[in-house]
Structures are given as structure tokens and as C-alpha cells.
1. Does Asn201 satisfy being within 15 Å of the ligand (Cβ to nearest atom), open to solvent by 50 Å² or more (accessible area, probe 1.4 Å) and in a loop (DSSP other than H, G, I, E, B)?
2. Can you tell which of Thr115, Thr124 is buried (at least 19 other Cβ atoms within 10 Å of the Cβ) and on the phi < 0 side of the Ramachandran plot?
3. What single numbered condition from (1) touching a His at 6+ places or on another chain (Cβ under 9 Å); (2) within 14 Å of the ligand (Cβ to nearest atom) fails to hold for Ile111?
4. Can you work out which of the residues in region 213-230 that are among the β-branched types (Val, Ile, Thr) and either within 12 Å of the ligand (Cβ to nearest atom) or under 14 Å from the mean Cα position of the chain (by Cα) (or both) is farthest from Asp108 (Cα to Cα)?
5. Consider region 189-198. How many of its residues are open to solvent by 30 Å² or more (accessible area, probe 1.4 Å) and either under 17 Å from the mean Cα position of the chain (by Cα) or within 16 Å of the ligand (Cβ to nearest atom) (or both)?
6. Quick one: what pairs do we get from region 133-153, first residue in contact (Cβ under 8 Å) with a residue 24 or more places away in the chain, second of a type outside the set (D, E, K, R) and part of a helix (DSSP H, G or I), C-beta under 8 Å, 6+ apart or different chains?
7. Since Pro82 meets every condition but one in (1) within 16 Å of the ligand (Cβ to nearest atom); (2) modelled with pLDDT under 95, which condition does it not meet?
8. Do we find that Ser19 is of a type in the set (Ser, Thr, Tyr), crowded, with 21+ Cβ neighbours inside 10 Å and within 11 Å of the ligand (Cβ to nearest atom) in this structure?
Amino acid sequence: MIFGAKTDIGKVREHNEDSFGCKDNLFVVADGMGGHRAGEVASSIAVETILAGNISQIDEAGLKQLILEANNAILAEAEKNPELAGMGTTVAVLVLFPHKAIVAHIGDSRIYRYTAKGELIRLTDDHSLVAELVKRGELTEIEAKEHPHRNMLTRALGTKGNIEVETMVLPVQPGDRFLLCSDGLTGMVDEDTIGQVLAGNDMPKVLAEQLVALAVERGGMDNVTVVIVDI
Ligand code: MG
């Protein structure tokens, strides 16, 4: 297993409120929101709490529980510190075992699997207003990209005590390449282009840098974070 990661503030935002972490077979991306530096605090609490968990034997239920602990830690910090009230974060988590992967997420940070055959498969459905509207047939994917409320999430950590985490388990094949990213990538770079970059033979770190550079070149409207893991 080889991984590489890159994050960038982008061209518009004053702070980078994304956080990421990689430890052993655990990979996390979180995209925080909130005034002042609250988003940074929320996303870093989420990443630190999850990285501190014991995941050696973890299953879907255990991973959900760990994400709920992160949620509680964010709520507790906001309670203690009024400046941080209302902070929240997305989270996308990948745990890799020899023959399977567990994926969990909340919000619009995504996880993709790029197969040895060159297929790019999105493993997560965004928990966002526009994704719900696309699912219901009320918006097209293209309209969703231009929608004034495209950043509005329907689920985020830190918003309430009982949050619904979405998880899945999938088999892992030799040659699989996983991508975790914040919406600063997918808002700027279409999936065809992401697939073309992931087809490259370079190391994950180089590919992560290429994807982030593309997102910034194409406008960099948001913080952008990319983690790539090769099996
Ligand atoms: Mg973002």
C-alpha cells in the first residue's frame, strides 16, 4: 500500500478549512465550515478523533461509532467555546484490509475507486441539497454545478447529536487505486479528467499534486484536498 496526499488553500478562501490524515490502513478527509477559524477546528477534531480510534478489527458499526465520537467531540468543543458555535465538517473515511475496504462518509467529500481496468467508480453519494435534487430528477448534474446553493449540505458532523453516517464494505482487488477528496476538487475538475489523471503511472503523491494543481488552475474557488492510496 502506497499513499500520497496534497492540500491547497485555493485562490479565493482566506483559510484552508480542509484537514486530512493517514495512519496505517486508515485515511480521512474532512472539509470544515464555520466563521473565523471554526471550520478548521471542526475538520481537525474530526480527523484527530478518527485517527486516534482503534481500527485493527473495526467493522461498519464500529466505524460509525468512531465517527459519532468525532461528532460528539465537535459538539463539546463548540459548547465550551462560543466563537466556534455552529461549526461543522464533512468527513470521508477509508479503512483498507487485505481483501476488503470499509468506506464511511457524511457530507460532500467523496471517495472513488479507480480499478486496474481504468474504471472510475464513485463510492459515496453527496449529502447535499443539489445531490438530493439530482436524485429526484429535479436538476441535471450540469445544473447542479451552477446552482447557487450547491455548497449546502443536508448532513454534516457538528450539526446535531444523532447524525446518520453512511457506510459500505467492498472487496479490494490488486491494482485498485482509491481517491479521497474534498469538493474543492470535484467542483473544479470533472470526473473524466480525474480518471485521466488517475490512469497515470506516477506515484500517488505526484498524482495528488497534479489533481490539486488542476483544481487551482481551473479557478481554485475552494480549499482542495486529495488523498490517493494504491493497493
Ligand atoms: Mg469545500
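The values are calculated or read from the model by the stated rules, or taken from the named source; none is laboratory data. The shown structure was predicted, so the numbers you read here are calculated from the model rather than taken from an experiment. Cβ: placed from backbone, ideal geometry, glycine included. Neighbour counts: every protein chain shown. Quick note on the areas: whole protein, heavy atoms, side chains included, nothing else; ligands and nucleic acids left out. Shrake-Rupley method; radii C 1.70, N 1.55, O 1.52, S 1.80 Å.
1. Values: within 15 Å of the ligand (Cβ to nearest atom): no; open to solvent by 50 Å² or more (accessible area, probe 1.4 Å): yes; in a loop (DSSP other than H, G, I, E, B): yes.
No.
2. Numbers: Thr115 fails: buried (at least 19 other Cβ atoms within 10 Å of the Cβ).
That would be Thr124, the only listed residue that is buried (at least 19 other Cβ atoms within 10 Å of the Cβ) and on the phi < 0 side of the Ramachandran plot.
3. Here Ile111 meets the rest and fails (2).
4. As a first pass, look at region 213-230 and keep what is among the β-branched types (Val, Ile, Thr): 216, 224-229.
Narrowing further to those that are either within 12 Å of the ligand (Cβ to nearest atom) or under 14 Å from the mean Cα position of the chain (by Cα) (or both): 224-229.
Working: Val224: 13, Thr225: 13, Val226: 14, Val227: 15, Ile228: 17, Val229: 20 Å.
Filtering region 213-230 for residues that are among the β-branched types (Val, Ile, Thr) and either within 12 Å of the ligand (Cβ to nearest atom) or under 14 Å from the mean Cα position of the chain (by Cα) (or both), the one farthest from Asp108 (Cα to Cα) comes out as Val229.
5. Step one: of region 189-198, the residues open to solvent by 30 Å² or more (accessible area, probe 1.4 Å) are 190-192, 196.
From the residues that got through so far, the ones that are either under 17 Å from the mean Cα position of the chain (by Cα) or within 16 Å of the ligand (Cβ to nearest atom) (or both) too are 190-191.
Matching residues across region 189-198 total 2.
6. Every condition considered, the pairs that remain are Arg150/Leu129; Arg150/Val130; Arg150/Ala144; Met152/Leu129; Met152/Val130; Leu153/Leu129.
7. The one condition Pro82 does not meet is (1).
8. Values: of a type in the set (Ser, Thr, Tyr): yes; crowded, with 21+ Cβ neighbours inside 10 Å: yes; within 11 Å of the ligand (Cβ to nearest atom): no.
So Ser19 fails the test.
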